[in-house]
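Novice: Dropping a structure here in structure tokens format, bear with me for questions.
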Amino acid sequence: MEEKVKNITTDEQQEYVINMGPQHPSTHGVLRLVVSLKGEIVKSVQPHIGYIHRGIEKMCESITYPQIIHLTDRMDYLSAHINNEAVCLTVEKALEVEIPDRIKVIRTIMSELTRIQSHQLWWASFGMDLGGLTCFFYGLRDREKILDIFEETCGSRMIVSYNCPGGLMYDIHPNFQKRVKEFIKYFRKILPEYDQLLSGNVIFHERSKGIGKLTLEDAVSYGITGPSGRASGFSCDVRKHEPYSAYDKIKFKEILFTEGDTYHRYIARIDEMWESMNIIEQLIDNIPEGPYAVKMKPVIKLPEGEYYQRVETARGELGVFIISDGNKSPYRVKFRSPNFVNLSVLNHIAKGFKIADLVAIGGSLDLVIPDIDR
Amino acid sequence: MLFDIVDVNSSPSLSDPWWKVFYDFSSLTHKIDSSLHNAMSQFWTTIAEMLIIGVLILLFYALIGLFLVYAERKVCAFMQNRLGPNRVGPFGIFQTIADLFKLLFKELIPIKNADSFLFNLAPFIVIIASFMAIAAIPFAKGLHAIDLNIGVLYVIAVSAMGVIGVLLAGWSSNNKYSLIGAMRSGAQIVSYELSVGLSIITIVILAGSMQLSEIVEAQRTGWFIFKGHIPAFIAFIVFLVSSTAETNRGPFDLAEAESELTAGYHTEYSGIKFAFFFLAEYINMFIVASIAATVFLGGWMPFNVGHWDGFNHVMDFVPPFVWYIGKTFFVIFIMMWFKWTFPRLRIDQLLTLEWKYLLPINLVNVLIMAFLVLMGWHF
Amino acid sequence: MSNEWLILFFLVGAIFVGLILIFSGIVAPKSINPQKFEPYECGIPTEGVTWLQFNVGYYLFAILFLVFDVETVLVFPWAVVMKEVGMAAFVEIVIFFFILGLGLLYAWKKHALIWE
Amino acid sequence: MRSIIDYLKEIILGVWSLLKGMKVTGSYFFRPGTIITQKYPNNRKDLVMFDRFKGEVVMPHNEKNEHKCTGCGICEINCPNGSIEIISKSILTEDGKKKRAIDKHIYRLSMCTFCALCVKTCPSNALAFSQEFEHAVFNRALLIKTLNKPGSQLMKGVE
Amino acid sequence: MDKIQLGEFIKSINPDLEIKEGKQYIEVSIPPSKLYILAKELREKEETQFDFLFCLSGVDYGQDLGVVYHLRSTKFDHVVVLKTRTTDRDHPQLDSVADIWKTADFHEREVFDLLGIKFTNHPDLRRLFLDSSWGFPLRKDYVDDINIVTK
């Protein structure tokens, strides 16, 4: 009897283990978090992943380089175009192909549009995580405009598959420039509304300020990149540090904060949308003339060696590491996906906060599950 | 008997214009009562009246529930820049009826290891609580089922009873999300009960009565929200916030916080049992909105302004029931507006809001109001 | 109508729920699948017991609630007669609220109003 | 005193920020004209997709029931999912030579990821994307399509 | 420091290292036994400060199993690639660097999951994506008759 009473009062007995996911409204995908609670307080979060592991890295070993590109779409489906670009850049780097400026500029514009639409969806779902359902519809409404631009030029809305080694699949649509300009004009008017609805809100401030703090040291050690890392002061923007495509020709600023809490991860993304619009505005009127693709050999074979290319997706640094043995398919491909690394910090920063904060923190890290599982 | 509320003060007098007499339901109910008496004995009259009232209440209850669900879906859709239900019937007005039938024909799943007695008892409690609360609400002059002399207190007490149903539902489900949801709703009710009570006290001071019909009658010369100016307005805002919290709605829906607890206390309820919780939520919203309308916005009293006689006549021409419903739906609209704009609070912030903001404000507000009444500074 | 008639509303509510439940029980389909009766936890079997001792930090709130709710009940009759009694009632309630306010302030300063 | 002023300021600013949010939703509520929702099955007739829209792979035939596919199999090689299968036959040309020609161009819509590699790499531009976007069928077997129409011929002049 | 200086500096830490100047980054091949010490030195030395492990990939080289570490310094913005390989295919073991760079925790679990390389001193070495009934799919000799369709 006495032992029984003792058992109940020990801390282990008080722990309340709850599965959040794989079928849960707040994990955007099939992520399973095993959460130990004490009361409402999170004691530890164990992510269990792999529910949609498709073995993309293994699949890449048996297909050709142009075919890899359409697989990368499916990793981080919100940054599909940027993922494509990463593989193309790696292949082009390995083959030492000179890419004309037109392609570079179009790729950059498309990347930034991709970034904006990804952040719009993130904003929408983050608002929903905090319980503001209206955000979801506003975010998706505006995202639709970018997707229309994509559809007109690339033929599909989200999984664009617009890149190919040596350039682009097709030239941009004649309406492209006009539509993008229209969108920028529209979105510059709409974005302050996002602030009024969510970011200026006192409830939102209470929910996000000081929640899930990540110090700079931890951010570097955990390798948290993207807006989440930059909110902690980690200068990790690949566009600045290792410029690719047309990023070396344009002026933009890297959004950096030092606080590293949920609120600043949020603000970093909102500011990035403004910055992306600036980038697009610099480029959209001066797309140089030229071919939209460089003639490549019908069968692309990379020379033997190791190639690494980093790009900045909407969520952080994507690395493509290709080991080639000279065949038409790679020997080993490794995708250093930003979400996989960002997920690893969840336990560290969510500990000690409440279960509602866990949802907010998870939302502010902006996880895309297929990119974690690959 | 049942229809024999005769209030000397409020009975129609000859000085009133004809439409006021016409809109007075007490004469109608008297007529029904007397004709029934003539037709049959005392006992059967009672039975017949019971049946009439029961059926009327049920109809009203179901109609209000269905309409509110539809209204919420339309309001939220328009706020979210979309169309909302638009397929079933014109503008989708039959959508909720279709949903009701769908829910009626769904399987009721008994959960393994759940406390089945409490599990089945919970929907009864939430529905009965809302039924009993609706009994004391004055819809129009004379259209008033029970006119308790402690009406305000009674409505607050009974509408708070529904939370017991929520607690039972969460506890008995044998589900961890439900349990957390139930605990949260317990903490919530423990706090927000106070604010509702205190903000009503502010008005009771002004009215000098707790009887709802008398409170309405006292607003013949002006609604309390105008009569008591600033303190009454503050009390109205506090009442809105805390009653939203009490009905588990809007930014305070922590008990069913869908992004954290999937569906909170009613995670395990399926089919029509779920529909009862859903219905009770809307009816509770209706109840608190009608209390707000009755206590602060003058119930079924028309909107009159000082000496604008023409304007006042036009306003008087609108039936009192329409005034009452209009005011209630105005309050409901504001509550929906809250829900579809704000992100959800966290549990500790919810309590902070109550104990550090609403309660002190309320205490001071009651004193200011008492002082105003003492000095006769109200209108 | 007298107050005892409240029972009518109680009965109408109970009958309403009961009849609909019975009706639904008759018309609703039934299918047996052992997994369907498991409590929902995102598709994963529940770990451990659900009815555990559960630490919610509202014990103090419950006590505070008791104090203040009793106070509300006391204030209601005062509010009704406030107009008639006049100044004396006002002075009394100021003292009453002052003491209560001190209590709240004490709880505030002692960090009792923080949910753990 | 200072703390009381701060306290009141906090309340007023907080309520103000909430009102600003309510302004946004409220303004949309009273402007139903901004709604852009499409009533999908009702507007089917005037729903026009963009001309580059990747609906499904088709093989355009001209009015004489001729297509351009030579059966070279490049699309089959390039398809990353193996959704294209080419069954070829050998036919006798007019001058009596044996020649490889297409018998069946089998396209499995259920496996297609719309990467457009087949359309792009086809040397004779025999494939194209249609605007069809309603792919749902009741039988999975209907998703396996034969792209060349029965009795169709290779267009003259296409090698 | 540019690439050549960096190579020379690393050579000065440990003269027996095999340092190759790759196309992009400087590549250091290192036997498993010395990996942990070098990693710690690279992380802590004032001149290098490789504080950001941005990629950790396991590679099956056919005969050997190896791990490639991509390190970057946030202060100097220079990159070094460490390569280590072990010939033991049945019980491959390497030292974990999870206490130097916390990001290695998940990366090493992934490598363990997909290639079967055990990391000693890892805080929580469990399979990440797959359950224990699977083999190690990224190995070249992995056979799965059901799920892998070869044409």
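Any read-out appearing in this document is the output of simple, stated calculations on the displayed coordinates, not a laboratory observation. Fair warning: this is a prediction, and the values are worked out from it, not measured in the lab. Positions of Cβ are generated from backbone atoms using ideal geometry, with glycine treated the same way; all protein chains shown enter the neighbour counts.
Novice: Tell me what chain B gives for mean residue ellipticity at 222 nm when only DSSP H runs of n ≥ 4 count, each as -39,500 (n - 2.57), the sum divided by the residue total, rounded to 500 deg cm²/dmol.
Specialist: -22000 deg cm²/dmol
Novice: Would you mind pulling out the separation of the Cα centroids of the range B:33-99 and the range A:317-374, in Å?
Specialist: Rounded to whole Å, the Cα centres lie 52 Å apart.
Novice: Which value in deg cm²/dmol, rounded to the nearest 500, describes the helix-derived mean residue ellipticity at 222 nm for chain A, given -39,500 (n - 2.57) per DSSP H run of n ≥ 4 and division by the residue count?
Specialist: -15000 deg cm²/dmol
Novice: Based on the Cβ-Cβ distance of A:Asn278 and D:Lys20, what FRET efficiency does E = 1/(1 + (r/R0)^6) give at R0 = 30 Å, to the nearest 0.05?
Specialist: 0.70
Novice: Shifting gears a bit: Over chain B, calculate the relative contact order: mean separation of alpha carbon pairs under 8 Å at least 6 apart, over the residue count, as a percent. Provide the component values of the computation, followed by the final result.
Specialist: Working: 532 pairs, mean separation 75.8, N = 379.
Dividing the mean separation by the residue count of chain B yields 20 percent.
Novice: Separate question: Mean projection of the alpha-carbon convex hull of chain A over all orientations, in nm²?
Specialist: Averaged projected area of chain A's Cα convex hull equals 20.0 nm².
Novice: What list of ³J(HN,Hα) values in whole Hz, one per residue of the range D:145-156 in order, does the Karplus curve 6.51 cos²θ - 1.76 cosθ + 1.60 (θ = phi - 60°) give from phi, with Gly and Pro shown as x?
Specialist: 10, 9, 7, 7, 6, x, x, 7, 10, 6, 5, 5
Novice: Also, I was wondering about something else. Based on Cβ point charges of +1 for Lys and Arg and -1 for Asp and Glu, what charge dipole magnitude is obtained for the protein assembly as shown about its Cα centre, in debye rounded to the nearest 20? Please report the intermediate quantities before stating the final value.
Specialist: Values: 117 positive and 126 negative charges, 588 e Å.
Dipole of the protein assembly as shown, to the nearest 20 debye: 2820 debye.
Novice: Still on this structure, I have one more. Based on the inverse mean of 1/r over its pairs of different Cα atoms, what is the Kirkwood hydrodynamic radius of the range B:225-271, in Å?
Specialist: Details: mean 1/r = 0.0803 Å⁻¹.
Taking the inverse mean of 1/r over all distinct Cα pairs, the range B:225-271 comes out at 12.5 Å.
Novice: Here's a follow-up. Thinking of the range B:259-302 as a set of Cα atoms, what percent of all their pairs are more than 11 Å apart?
Specialist: 71
Novice: Taking chain B as a Gaussian network, where each spring joins two C-alpha atoms under 10 Å apart, which residue of B:Lys106, B:Lys339, B:Lys176 fluctuates the most?
Specialist: Answer for the Gaussian network model of chain B: B:Lys106.
Novice: Using Cα atoms only, what is the angle between the long axis of helix C:59-85 and the major principal axis of chain C, expressed in degrees (0 to 90) to the nearest 10?
Specialist: In chain C, helix C:59-85 runs at an angle near 50 degrees to the longest axis.
Novice: Between E:Arg89 and D:Phe133, what FRET efficiency follows from the Cβ-Cβ distance if R0 is 41 Å, with the result rounded to 0.05?
Specialist: Here the calculated transfer efficiency is 0.25.
Novice: Jot down the per residue volume, in cubic angstrom and as a whole number, of the convex hull over the alpha-carbon atoms of the range E:3-107.
Specialist: Taking the convex hull of the Cα positions in the range E:3-107, it is 100 Å³ per residue.
Novice: Can you give the Kirkwood hydrodynamic radius of the range E:46-151 from its Cα pairs, in Å with one decimal?
Specialist: This gives a value of 14.8 Å.
Novice: I would also like to ask the following. Report, to one decimal in Å, the Kirkwood hydrodynamic radius for the range A:223-374 based on all distinct Cα pairs.
Specialist: 17.7
Novice: Straight-line reach from A:Lys58: which lysines fall under 17 Å, measuring Cα to Cα and dropping same-chain residues less than 8 apart?
Specialist: A:Lys328, A:Lys334, E:Lys140, E:Lys151
Novice: Here's something else I'd like to know. For the range A:281-365, what are Rg and Dmax over the alpha carbons, in angstrom?
Specialist: 20.2, 57
Novice: Find the eigenvalues of the gyration tensor of the Cα atoms of the range D:56-154, then list the square roots of 5 times those eigenvalues as equivalent ellipsoid semi-axes, largest first, in whole angstrom. Present the calculation step by step, with values, prior to reporting the outcome.
Specialist: On the way: eigenvalues 117, 42, 33 Å².
Equivalent ellipsoid of the range D:56-154: 24, 15, 13 Å, largest first.
Novice: Among B:Gly186, A:Tyr16, E:Leu128, pick out the residue whose Cα is farthest towards the positive end of the charge dipole of the protein assembly as shown, where Lys and Arg carry +1 and Asp and Glu carry -1 on C-beta, about the Cα centre.
Specialist: Sorting the options by dipole projection puts first E:Leu128.
Novice: Stokes-Einstein diffusion coefficient for the range E:1-42 at 4 °C in a medium of 1.567 mPa s, Rh from the Kirkwood formula over Cα pairs: what value in µm²/s?
Specialist: 122
Novice: Counting other Cβ atoms within 10 Å of each Cβ, which GluC sites (Glu not before Pro) in the range E:1-60 have at most 16 and sit in a DSSP loop? Spell out each step's value before the answer.
Specialist: On the way: sites: E:Glu8, E:Glu18, E:Glu21, E:Glu27, E:Glu41, E:Glu44, E:Glu46, E:Glu47; in loops: E:Glu46, E:Glu47.
Passing both the DSSP loop test and the Cβ count: E:Glu46, E:Glu47.
Novice: If you place +1 on the Cβ of every Lys and Arg and -1 on the Cβ of every Asp and Glu, how big does the dipole about the Cα centre of chain D come out, in debye to the nearest 20?
Specialist: On the way: 24 positive and 15 negative charges, 41 e Å.
For this selection, approximately 200 debye.
Novice: Compute the distance from the alpha-carbon center of the range A:91-105 to that of the range B:157-214, in whole Å.
Specialist: Spelled out, the Cα-based centre of one part sits 67 Å from the other.
Novice: While we're on this one: For the cross-link pairs A:Lys43/E:Lys45; A:Lys213/B:Lys74; A:Lys249/A:Lys295; B:Lys102/B:Lys339; A:Lys93/E:Lys11; D:Lys9/E:Lys75, which exceed 32 Å when the distance is taken from alpha carbon to alpha carbon?
Specialist: Among A:Lys43/E:Lys45; A:Lys213/B:Lys74; A:Lys249/A:Lys295; B:Lys102/B:Lys339; A:Lys93/E:Lys11; D:Lys9/E:Lys75, the Cα-Cα distance tops 32 Å for A:Lys43/E:Lys45; A:Lys213/B:Lys74; D:Lys9/E:Lys75.
Novice: Can you give the FRET efficiency for D:Ala101 and D:Val58, using 1/(1 + (r/R0)^6), R0 = 30 Å, r = Cβ-Cβ distance, to the nearest 0.05?
Specialist: Approximately 0.95, to the nearest 0.05.
Novice: Could you bin all the Cα-Cα distances of the range B:33-109 into 10 Å bins starting at 0 and give me the percent of pairs in each, rounded to whole numbers?
Specialist: Calculated over all Cα pairs of the range B:33-109, the distribution is 17, 29, 22, 16, 13, 3 percent.
Novice: Another question, then. Which of A:Lys301/E:Lys23; D:Lys89/D:Lys149; A:Lys185/D:Lys20 have a Cα-Cα distance over 21 Å?
Specialist: A:Lys185/D:Lys20
Novice: Over 18 Å between C-alpha atoms is what I'm after, so list which of A:Lys297/D:Lys68; D:Lys68/D:Lys99; B:Lys106/B:Lys273 land there.
Specialist: Distance filter (> 18 Å) returns A:Lys297/D:Lys68.
Novice: A further question follows. Have a look at D:Leu19, D:Ile5, A:Pro25 and report the one farthest towards the positive end of the charge dipole of the protein assembly as shown, computed about the Cα centre with Cβ charges (Lys/Arg +1, Asp/Glu -1).
Specialist: Selected residue: A:Pro25.
Novice: Once the Cα atoms of helix C:6-27 and of chain C are each reduced to a long axis, what angle between those two axes, in degrees from 0 to 90 to the nearest 10, is obtained?
Specialist: 20
Novice: Which shape class applies to chain C: rounded if a/c is under 1.5, otherwise prolate when a/b exceeds b/c and oblate if not, where a ≥ b ≥ c are the square roots of the Cα gyration tensor eigenvalues?
Specialist: Here chain C falls in the oblate category.
Novice: I've got another one for you. Using alpha carbons only, how many degrees (0 to 90, rounded to 10) separate the axis of helix B:359-375 from the longest principal axis of chain B?
Specialist: 0
Novice: Let me ask another. Using only the alpha carbons, work out the radius of gyration and Dmax of chain B in angstrom.
Specialist: Over chain B's Cα set, Rg and Dmax evaluate to 21.7, 68 Å.
Novice: Taking N as the number of residues in the range B:285-324, what value does Rg over Cα atoms divided by 2.2 N^0.38 Å take?
Specialist: Output field value: 1.28.
Novice: Working only with C-alpha atoms, what are the Rg and Dmax values of the protein assembly as shown, expressed in angstrom?
Specialist: 35.3, 123
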